[in-house]
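Sharing a structure with you now.
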Amino acid sequence: MMFSHFPETAVVIHTQYFWYAMTLSTVILSFYSLYNQRSSLKSIFTFEWKFVWIGLVHAVFLYGMSRVGVTIVSQVFDGVLPQIESIYQTRTQLSPSIIAPLLFFIIAPAEEIFWRGFVQNKLMEYYGLTKGTVIGIGLYAGVHVWALNPMLLLAALVLGVHWSLLYKRYKSLIPGIVSHAVWDTAIFVILPITF
């Protein structure tokens, strides 16, 4: 609903209260996920220091890939720049000093807990590692369809593939949480894409 252009309520939420709605919804979904996965928490939060470094390396890689990808796509296709600018419109709703900690400490970790720690985890249990991962990627990208923004959908697909494969490979949320949190904060607040 936060990404949708209809009904009117969704438009109001997106254009005025996006960060509040995003924070609240991801917190609710992550608590639901943690409760439902309570018997597996030790496993899905397996911590090794290398996971932090892996997450940082992947965040830097994804940030670079995002910059290069946007440059290439914007030169090949007309109408890309307004799509990218519309993604950044939510930045005007709150101060960057509020958005950054929300992204880094709450929204990105909560998204990983829900999408990888719960959705993908359950799908891998039911359908196997590969099929479950593919379905999870499709669902993660699919929720962004409602924005009617092909660039946002493409970004969600590429990022979803990356973070889902990280979880599939390491069976821990830590690399994905670090990568997601650092990438989100960098791309939205610290070093946003500008033209």
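Could you tell me the ratio Rg/Rh of the chain? Both radii from Cα atoms, Rh via Kirkwood. Walk me through the numbers on the way to the answer.
Working: Rg = 16.4 Å, Rh = 17.2 Å.
The Rg/Rh ratio comes out at 0.95.
Choose one answer from Ser39, Ser30, Ser66: the residue with the largest mean-square fluctuation in a GNM of the chain with alpha-carbon springs under 10 Å.
Of Ser39, Ser30, Ser66, the most mobile in the Gaussian network model is Ser39.
Specify the residue with the greatest mean-square fluctuation among Ile107, Ile54, Ile137, computed from a Gaussian network of the chain linking alpha-carbon atoms under 10 Å apart.
Taking springs between Cα atoms under 10 Å, the residue moving most is Ile54.
Only the coordinates and a few stated rules stand behind these numbers; no lab work does. Everything numeric in this text was worked out from a predicted model, so none of it was measured.
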